[in-house]
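Undergrad: There's a structure below that I have some questions on.
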């Protein structure tokens, strides 16, 4: 038997630190001159001032008020943040969101943008009420001394006070009830300091309306505060007067045990394996509804009750058994014993009796957070969550908190995207559900099969996600359908199985593949590398990205860890330097003929700003592909100037047009902030001379410049294919002077098979 060709590791040995590559910044074309901007904005400021005068004093905590400032679509990049203007007016940052506006003037030469709604940043800003009102009275004749303040002022497209659209559409569930359970989101920039003056002011404001709230249940995430509230129907409009209110929406329900996962077909017996897990050193957690008594999985599963959870619920236990089965064994097959699990798992029961009130979402998130802050896991799976489709302009507390907890890049988290894919598309109720829209998680949808002709399962929620995190779901895994259900454990003593389906089953199945990769090798693979490998080998039609993300996860472990003839898969894992950049050389061996297909997948984890929906991630990667690093291009003329290049020529590899569907979203820096990027490109072998990716870390905080974090982990999975070199795998290793080496399998681990294609 031929020696298996495992993944090639140690790609980071082909890297070196370099100076940050120069970035050309041409002259900015401004839509408005300062006098024109002042003339057009003065009436808007006056209207805002009139609205501020009408606010009740109790609606303005500490005499402060909030305004919304929308910048022209030309000023999306972090370098255009109007910091000088904010300092001049005594304003402070509260948050941001995305909006689509038709600007009064268009600076682009593209005719297609004229009359089109374009993405623009909306800044939530706070300031002293009296100073804002005074400025609204004087703005018509205002002339700042500093030119940079004038420069910032001309970036503004509109100014207004917070609008009624902060109230999200309410369902008819509570039409006949006296009050409505609500989730309140407040701007709370004081949360870190512990002063909480906004929260206390909100409580006092509610009392003036005859409404009470339990501020003890307030949860702070970044610069936002989330709290539950019951309010009479006739007072909801009055609550909107509170100036630091960000969002008011119906309290989401937890729907962990969706009927789409009901049993399908006849049950059949299962003979469970008698061996211990392959890699008991890996740590895995499933957060779900528990397991039935005498579940028979004690060899591999430790059952825990999360702090504060009520008594077990039978439907939750059945759901938890199916989810755990999907992780341990994958889809079962009648008359065929399941394979030995890759690793053991802690099953945390976070749902129980009493979790059917209107605010159970708060309690269940608290339980998950308690566990994740007290111990570290290599993998976690969550197949339950708040039941509402994501919106582009805000984040859920589930998404924000999990992204914060996972920002260190130590854990692969698989999250079910939701079973609402058949809901009304016009109302966008079919979109993925939190927390699968997180940037530090893998949002998993469901396919109806894994053979040729597979499709998105009809119930599986759609993307896109928010930007960043636009490509959602990240991928789809087999989740079953009526014609081909996912077979999972459904009975105990003795073990039995039955058909089921749902994204809640697809997610742990995807986690199983990730754990299988880690269990295969003695070398440690970082979470970004595992995530990158899963995405790298997913396949699907680009036109269906909103349905399937990067594509269908390969369900054969061999596809993820082995190399075929004519190809080599190389894994790079390294940390970004706090200064400078990294050059990652591609090990293209000499002597190749014809074309070389290059597929690259980058993945990283980063901190987030939950209050800044449009600038959510604090970090990004600026990636430049250089086909020939041995040659500096000759001088050339541009716009009447002689340009003398100092670095090798680069060409596009990852660009916004590969990720964003509409032309006006394909801005230059959009893809930099995505935490997962993948693309394939074909080049002539003769054009590749010590090719490399130059990778720079870009940082921002609240939408403008931020500090670069230390030791930020990232991973690159690289595939090279060349039809003229059957032995490409060996040639890649040799040409690297043996710095690259095949990854070593664990002793006694069976060689995985590759699925036929």
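The values are calculated or read from the model by the stated rules, or taken from the named source; none is laboratory data. All values derive from a computational prediction rather than experimental measurement. For neighbour counting, all protein chains shown are included, and Cβ atoms are generated from backbone atoms with ideal geometry for every residue, glycine included.
Undergrad: Answer with yes or no whether residue 494 is in the same structural domain as residue 331 (by TED's automatic domain parsing) and under 14 Å from residue 444 (Cα atoms).
TA: no
Undergrad: Next question, about the same structure. Taking the range 143-161 as the search range and keeping residues that are buried (at least 16 other Cβ atoms within 10 Å of the Cβ) and over 21 Å from residue 104 (Cα atoms), which one is farthest from the chain's Cα centre (by Cα)?
TA: Out of the qualifying residues, it is 144.
Undergrad: Against the condition assigned by TED's automatic domain parsing to the domain that holds residue 599, over 21 Å from residue 565 (Cα atoms), surrounded by fewer than 21 Cβ atoms within 10 Å (Cβ to Cβ) and modelled with pLDDT of 95 or more, how does residue 666 come out, does it pass? Working first, answer last.
TA: Values: assigned by TED's automatic domain parsing to the domain that holds residue 599: yes; over 21 Å from residue 565 (Cα atoms): yes; surrounded by fewer than 21 Cβ atoms within 10 Å (Cβ to Cβ): yes; modelled with pLDDT of 95 or more: no.
Taking the combined requirement at face value, the residue does not satisfy it.
Undergrad: Another question, if that's okay. Tally the residues that are out of contact with any helix residue (DSSP H, G or I) (no Cβ under 6 Å at 6 or more places or on another chain) and either assigned to a loop (DSSP other than H, G, I, E, B) or more than 19 Å from residue 490 (Cβ to Cβ) (or both), restricting the search to the range 264-281.
TA: Residues that pass the stated criteria total 10.
Undergrad: How many of the residues in the range 572-590 are in a loop (DSSP other than H, G, I, E, B), out of contact with any helix residue (DSSP H, G or I) (no Cβ under 8 Å at 6 or more places or on another chain) and surrounded by fewer than 22 Cβ atoms within 10 Å (Cβ to Cβ)?
TA: 4
Undergrad: Residue under question is residue 542, and the condition is that it be buried (at least 19 other Cβ atoms within 10 Å of the Cβ), assigned by TED's automatic domain parsing to the domain that holds residue 475 and closer than 25 Å to residue 451 by Cβ; does it hold?
TA: Answer is no for this residue.
Undergrad: Just the residues that are surrounded by fewer than 22 Cβ atoms within 10 Å (Cβ to Cβ) and either more than 15 Å from residue 211 (Cβ to Cβ) or touching a helix residue (DSSP H, G or I) at 6+ places or on another chain (Cβ under 8 Å) (or both), please, taken from the range 179-188.
TA: Our first condition is that a residue be surrounded by fewer than 22 Cβ atoms within 10 Å (Cβ to Cβ); within the range 179-188, this holds for 179-181.
Result: 179, 180.
Undergrad: Among the residues in the range 422-439, are any within 22 Å of residue 218 (Cβ to Cβ), in a loop (DSSP other than H, G, I, E, B) and in contact with a strand residue (DSSP E or B) (Cβ under 6 Å, 6 or more places away or on another chain)?
TA: Within the range 422-439, one or more residues are within 22 Å of residue 218 (Cβ to Cβ), in a loop (DSSP other than H, G, I, E, B) and in contact with a strand residue (DSSP E or B) (Cβ under 6 Å, 6 or more places away or on another chain).
Undergrad: Now, a different point. Just checking, does the range 355-369 include any residue being within 19 Å of residue 291 (Cβ to Cβ), in contact with a helix residue (DSSP H, G or I) (Cβ under 7 Å, 6 or more places away or on another chain) and either surrounded by 20 or more Cβ atoms within 10 Å (Cβ to Cβ) or without any contact (Cβ under 8 Å) to a residue 12 or more places away in the chain (or both)?
TA: Within the range 355-369, the first condition is being within 19 Å of residue 291 (Cβ to Cβ), and the residues that meet it are 355, 364, 367-368.
Checking the rest, the ones that are also in contact with a helix residue (DSSP H, G or I) (Cβ under 7 Å, 6 or more places away or on another chain) come to 355.
Going one step further and asking which of them are either surrounded by 20 or more Cβ atoms within 10 Å (Cβ to Cβ) or without any contact (Cβ under 8 Å) to a residue 12 or more places away in the chain (or both), we end up with 355.
Within the range 355-369, one or more residues are within 19 Å of residue 291 (Cβ to Cβ), in contact with a helix residue (DSSP H, G or I) (Cβ under 7 Å, 6 or more places away or on another chain) and either surrounded by 20 or more Cβ atoms within 10 Å (Cβ to Cβ) or without any contact (Cβ under 8 Å) to a residue 12 or more places away in the chain (or both).
Undergrad: Tell me which of these residue 488 doesn't satisfy, since it passes every other one: (1) in contact with a strand residue (DSSP E or B) (Cβ under 9 Å, 6 or more places away or on another chain); (2) over 22 Å from residue 296 (Cα atoms); (3) not in a loop (DSSP other than H, G, I, E, B).
TA: Checking residue 488 against (1) in contact with a strand residue (DSSP E or B) (Cβ under 9 Å, 6 or more places away or on another chain); (2) over 22 Å from residue 296 (Cα atoms); (3) not in a loop (DSSP other than H, G, I, E, B), the one that fails is (2).
Undergrad: Given the structure, is residue 540 closer than 30 Å to residue 615 by Cβ, in contact with a helix residue (DSSP H, G or I) (Cβ under 9 Å, 6 or more places away or on another chain) and at pLDDT below 95?
TA: Yes: the conditions hold for residue 540.
Undergrad: Same structure again: Return the residues of the range 254-263 that are touching a strand residue (DSSP E or B) at 6+ places or on another chain (Cβ under 8 Å) and either part of a helix (DSSP H, G or I) or at pLDDT below 80 (or both); say none if nothing qualifies.
TA: Across the range 254-263, the qualifying residues are 256, 261, 262, 263.
Undergrad: Scan the range 324-345 and tell me whether some residue there is surrounded by 15 or more Cβ atoms within 10 Å (Cβ to Cβ), in contact with a helix residue (DSSP H, G or I) (Cβ under 8 Å, 6 or more places away or on another chain) and either outside the structural domain of residue 268 (by TED's automatic domain parsing) or under 30 Å from residue 183 (Cα atoms) (or both).
TA: No, the range 324-345 contains no residue that is surrounded by 15 or more Cβ atoms within 10 Å (Cβ to Cβ), in contact with a helix residue (DSSP H, G or I) (Cβ under 8 Å, 6 or more places away or on another chain) and either outside the structural domain of residue 268 (by TED's automatic domain parsing) or under 30 Å from residue 183 (Cα atoms) (or both).
Undergrad: Another one. Would you mind stating whether residue 110 is modelled with pLDDT of 95 or more, in contact with a helix residue (DSSP H, G or I) (Cβ under 9 Å, 6 or more places away or on another chain), outside the structural domain of residue 208 (by TED's automatic domain parsing) and farther than 23 Å from residue 612 by Cα?
TA: In short, no.
Undergrad: Let me ask something additional. Considering only residues that are out of contact with any helix residue (DSSP H, G or I) (no Cβ under 9 Å at 6 or more places or on another chain) and surrounded by 14 or more Cβ atoms within 10 Å (Cβ to Cβ), look in the range 45-67 and name the one that is farthest from residue 120 (Cα to Cα).
TA: It comes out as 51.
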